[in-house]
Structure formats: C-alpha cells, structure tokens
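This report refers to the structure that appears directly beneath it.
Derivation of every value follows stated rules applied to the coordinates shown; laboratory data play no part. Since the structure is predicted, the reported quantities are computational estimates derived from the model, not experimental observations. All Cβ positions, glycine included, derive from the backbone under ideal geometry; neighbour counts span all protein chains shown.
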Amino acid sequence: ARQSQLQEALSVLYVAMTRARRSLIMILPAKKPPEASAAHLLLHTLGEGQPVTPGATLHERGDAGCPALISGEPDTLSKEAKVPQLSIPSVGVVQTPSHHSAIFSTEASFRARSIGTLVHFAFEQLEWSADLPPGIEELLAREYPRLSPFIDETVKLLAEAVQEPGLRATLDRTEAEQRLGKCDGDQLVLEREVPFCCNTGDDLLNGIIDRLVILERDGGPIAAEVIDFKTDQINESSQQTAEKHADQMESYRLAVSSTWGIEPDRIDCRVLLVKSGELVTL
C-alpha cells in the first residue's frame, strides 16, 4: 500500500513538472520538509544540499524573461460556454479531526495555539532522541517570526518536558520496538507530520499525524503506532485529557489502516501530554 502511495505521488509530481508550456515556478516552504515528501525530493535533487533560506532560488534553468517576449493576439471565444449551476452536496463532508483549521478569537486561545504550533515544530525535528537540537530558540524564531513573543515560554516548556521519563521513552527507538513487538528482521519506519486524505465512505477525512511509527516485516507494514502531542492539559488527569481526543485518534487509526493496509487492531493510538510527559494509550 505504501509503495503504491509513493508511486502515485511521484506520478502526480511528474505530471505537474512536465505540463508547463513556457515556464514553471515551484515554491517550497522555507523549512526542512519530511523525508517522505515531494518537497524533500526537490530539495535533495535540485537544491543539491543548499540551506533552506526564505526567498532563495535553489535551482534555475533557462531564460526567466522568456514569457515576456511572447507576442501575438490572444485567442477569442467562438462560442459562449454555459455556466453550470453549483449546489452544496448533501453528503461528502470533509472532516478534519485535529481541528487544525479552527478559528481562535480570544487572546488566551491564540496563545495556546501559538505555543502548540511551536511545540509541534520542535518535536518534528526529533527522531529517536528527546534531546532538542542546538539553537532551538533561533530555529523557532526563524521558522515562526510572528510567534516570537511565545518562544521563551515554549522553550521553557520543552526543556522541562524532554526530561520526563515518559516522553524520553516515547521517542526512544528501543522502547518503540518493544511497544510494537519487533522481531529479528523487522524494520521500523518513522514519519513525522504526516498529511493524509482518505475516503471513509460518505465523508472525506484529512489531517496531519504528528508522529507515526510503522513496523515492517518482509517489506510490508504489519503494525503501527500513532502518537499525537498535546499541550492542553490543565487541571484534569492525564486519562481525562487524553480521552477528550479519543474521536480524533480513532480517525487517525482509520486513516492509517486505509492508507497502509494495516489491520485496525494492530494500530496503537497514543496521546503524549507534553506538560507532564505522560503517554496515554487509547
């Protein structure tokens, strides 16, 4: 299933890059993309290892002024096309389980959302270790300059969180192997900030999984662990906080099962509470 997904993604990228008649401009986000992404492929092949700097041109070929030299009269329509009437379908709702698109109107909500954004970006940098990268403050400021008022508070939260045994165990490779039941010859595949979009029957489900660990055996996925980072724990117990996100995690389980072909009962969904470092399995 994963091989098919990658093949389809590469085919889409190929079509997009080979259909331009006169010019093609590709804009990439000014941050290190996930390895399993079209952006990473472009950076690796065309960028040749250059640093990801906002506004930089990583690759250029041909004459950028060529389209301006094209002359001639534009084609005129020989017949008016009928404009169809559009209506809202009664089914086919797009669901976003993590509510990333929610609007926050209060100052407190904006602060919570901003800190959550910074925390998620910091954890995206971590592979099999809970040690924060050097210069994390500068990294956050460069990536999210508009959130600079919240960086000090976020770094303090992160510094305390990565010392928690539960969080360190969550990010540890050996611990992950034990949780998933790895045997000799099995392989672990780590994905971070994994976007997904799948059909659940009547509805379309899309979202982003914070951390996904896939156990492969004989080249195929057989089990997975979905980990979602939460910074919203206040006065509730860890179990109460995690259970508020049970529906969201079940949506992630469905998405992983649909995309990778893994049986739902072999997909563990866990919520990592950043403030306490506790890992709760749902």
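Spin-label pair residue 60-residue 247: with each label point 7 Å from Cα along the Cα-Cβ axis, the two points sit 5.0 nm from one another.
Cα centroids of the stretch 10-60 and the stretch 252-282: 31 Å apart.
Whole-percent P(r), the stretch 107-281, all Cα pairs, 5 Å bins from 0: 1, 8, 17, 19, 20, 16, 11, 6, 2, 0, 0. Under a point spin-label approximation (7 Å from Cα along Cα-to-Cβ), what is the residue 9-residue 25 distance to one decimal in nm? Computed distance between label sites residue 9 and residue 25 equals 2.6 nm.
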